[in-house]
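Working notes, structure below.
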Amino acid sequence: MRIVFSLLHTRLNFVMRKRIIILFCITLFSQSLLSQRQKVKNQPYGDYKLYHFGITIGVNFQDALLTNSGLTYIDEVSGKTETWYATIPNYSPGFTVGLIADLYLNPYMNLRFSPSLLFGDKNFEFVETATNEHYSKNVRSNYLMAPLDLKFRAFRLNNYRPYVLAGAYSVLDLSLKKDDAVLLKPMDYGLTIGLGSDFYLPFVKIAPEIRFYFGLSNIIENNRADLTDMSLLKYSDAIARGVSRMIILTVNFE
């Protein structure tokens, strides 16, 4: 959990982080109270289906942990020496929609495949160390994501049942734009953890869920043979490596 806490602490500003956590907790708490007052146990055998399907919608917050190269760049026109450093100062919210395919393994464990489309972007901020000159570049990333998870469920209490998720994922970027200051690689993969709660209604099961994604590969393309404007090379060369990070808040309907 130290990694998760560090991710939230360093990348989300205080107001956004507080709002996300409060909203998620209020949703869980209010639905829990509602389920406790519910005398009728909805869908009592719904969890024992061999398989079932659903949809998921929500918001995503894309980020990356960047390792700067510290390379010195010499402008061929002015002869000026420059050293640029890159950061992603904040999250930009995006939209998420997907499908759910769930396979029953035992009363407390399910195997889940949830392919999704994620629409969002990353805002790269470059700073020159000597002059404090700034350059910003917004990079759109529309992902086709394929997570495979194990879902571990607690005891069901009336119409309320919390759970945790853990698994792995791969993504394909559908919106690569070449000849730009930053070029991302088309493929990525990593690990994911999450938590949520199932709430059983008469004809549908609803689950608010929060998930954290930790990329394992370098998503920065360092071989920039695609560049025609070589003045942009100083920004691309400033980043030695980048690994993706993402938070996704969704509501599942099953």
So, with points 7 Å from each Cα along the Cβ direction, the S175-N223 label distance in nm works out to 2.6 nm
Between the stretch 146-173 and the stretch 76-134, the Cα center-to-center distance that results, in Å: 22 Å
Translational D in µm²/s for the stretch 35-119 (Stokes-Einstein at 25 °C, 0.890 mPa s, Kirkwood Rh from C-alpha pairs): 134 µm²/s
Over all directions, the stretch 153-244 yields a Cα convex hull whose mean projected area in nm² is 7.9 nm²
Could you list the chymotrypsin sites (Phe, Trp or Tyr not before Pro) in the stretch 185-218 that lie in coil according to DSSP, counting only those with at most 14 other Cβ atoms within 10 Å of their Cβ? F203
Checking the table K80/K178; K122/K205; K122/K185; K137/K185; K122/K178; K80/K122 against a 24 Å threshold on Cα-Cα, which pairs fail? K80/K178; K122/K205; K80/K122
Within a 10 angstrom radius of the beta carbon, how do M230, M145 rank from fewest other beta carbons to most? M230, M145
Going Cα to Cα from K49, which aspartates and glutamates come in below 17 Å? Please leave out same-chain ones fewer than 8 positions away. D102, D198, E254
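Values quoted throughout were computed directly from the atomic coordinates according to the rules given, and no laboratory measurement underlies them. Since we're looking at a predicted model, the values are computed, not measured. Note that we place each Cβ from the backbone using ideal geometry, even for glycine, and neighbour counts take in every protein chain shown.
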